[in-house]
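Enquirer: Encoded as structure tokens, here's the structure I'll be asking about.
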Amino acid sequence: MGLGDKISNAAEDAKGKAKEHTGKATDDESLEAEGKGDQTKSDLKSAGENIKDAFKH
């Protein structure tokens, strides 16, 4: 996984966590769910990159 991908995935995960916490704090279930979705998407991208890296070695 390239450094750019790692940074991008970490940023997306952090953004998702911020949305989730903001949603909880404001009782906005839609924003909370969107934040969880962003985190899941980031996790899936990271997993895909890790699989690609495993096959390269």
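None of the figures in this text is laboratory data; all of them are computed from the coordinates on show. Nothing here was measured: the structure is a model prediction, and the numbers come from that model. Reconstructed Cβ throughout: ideal geometry from the backbone, glycine too, with neighbour counts over all protein chains shown.
Enquirer: Can you find, among L3, T40, T22, the residue farthest towards the positive end of the dipole of the chain? Put +1 on the C-beta of Lys and Arg, -1 on that of Asp and Glu.
Expert: L3
Enquirer: Give the angle, between 0 and 90 degrees and rounded to the nearest 10, that separates the Cα long axis of helix 3-26 from the longest principal axis of the Cα atoms of the chain.
Expert: Between helix and principal axis, roughly 20 degrees.
Enquirer: What value, in deg cm²/dmol to 500, does the helix sum -39500 (n - 2.57) over DSSP H runs of n ≥ 4 give at 222 nm once divided by the residues of the chain?
Expert: Details: 2 runs with 52 residues, N = 57.
That comes out to -32500 deg cm²/dmol.
Enquirer: Distance cut-off 20 Å, Cα to Cα: go down the list K17/K41; K36/K56; K17/K45; K24/K45; K15/K45 and report the pairs above it.
Expert: Numbers: K17/K41 12 Å; K36/K56 31 Å; K17/K45 16 Å; K24/K45 25 Å; K15/K45 15 Å.
Cα-Cα > 20 Å for K36/K56; K24/K45; rest within.
Enquirer: Between the helical axis of 29-56 and the dominant principal axis of the chain, each derived from Cα atoms, what acute angle in degrees is found, rounded to the nearest 10?
Expert: Relative to the chain, helix 29-56 is tipped by roughly 10 degrees.
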